[in-house]
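Notes follow once the structure below has been shown.
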Amino acid sequence: MLIDVQAGQVLSTFGLTGVTYFPRPTSSHMHPGTARFLATVGLPSSNLFSTKLDLDSPDQLECQPSLKAAFDADGAVLPEGAEQWESLGEFQYATVALDPQTGQIYSFAEGEEFYVPMHQDVSSLVHTLTVAEAGLAELKKLPRNDDQARAEAVENLRESITQVDQTPFASEDGEWSRFFEEISLGMWG
């Protein structure tokens, strides 16, 4: 993992009901570090990102490739090479997927036929979600008309994320680039 994210840190930011833990069956085809992280630290959910894991669905608990099933259900064509990937959750306009062999995270923007690298691993995704959640709370405390303070705060958030992983902002088409542009325009607080 790129960064040591503690389960307690995620719980204190998102609350007990805001974290989803993923089962780790012994027959899992998932990258071992990723499987351990998802089972012990989990993935947070918020207004920004939702895991949408349905624990009542036996298919979800079998940890079978769920991205293909989601694309098939939508009548969409899954890009070649992503057939075995797992769906981790969704942003407002993008599906977040995991390559279980490498542990890398990708996003599929709504209506697009390609994917964009999003994070080098799940620790980076959770770190970024945690930084974004705390940052949004801080931004709400700033005066609405102080564009300079908002720009500095947004830049500090970006730096805190890119010190761990530069992938979230490597593409202008990436979900994080869009989200931080919206933050800088005052759309999230």
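Normalised size of the chain, defined as Cα radius of gyration per 2.2 N^0.38 Å with N residues, equals 1.02.
Calculated mean residue ellipticity at 222 nm for the chain: -11500 deg cm²/dmol, from DSSP H runs with n ≥ 4 weighted as -39500 (n - 2.57), summed, divided by the residue count and rounded to 500. Apolar share of the accessible surface for the stretch 84-181: 41 percent from carbon plus sulfur atoms, 1.4 Å probe. For Ser46, project a label point 7 Å along Cα to C-beta. Then give me every residue of the stretch 1-24 with its amide nitrogen under 19 Å of that point. It comes to 3-21, nothing else. Relative contact order of the chain, taken over Cα pairs closer than 8 Å and 6 or more residues apart, is 19 percent.
Would you mind working out the accessible area per residue for the stretch 99-189, using a 1.4 Å probe, and quoting it in Å²?
So the stretch 99-189 comes to 52 Å² accessible per residue, rounded to a whole number.
Counting only trypsin sites (Lys or Arg not before Pro) that are in a DSSP loop and have at most 16 other C-beta atoms within 10 Å, tell me the longest site-free stretch of the chain. Value returned for the longest uninterrupted segment is 53-139.
The values are calculated or read from the model by the stated rules, or taken from the named source; none is laboratory data. Everything numeric here is computed off the predicted structure, so don't read it as measured data. So basically every Cβ, Gly included, is an ideal-geometry build from the backbone, and we count neighbours across all protein chains shown. Each accessible area value is taken on the protein alone, full model and side chains, heavy atoms only, with ligands, DNA and RNA left out. Shrake-Rupley method; radii C 1.70, N 1.55, O 1.52, S 1.80 Å.
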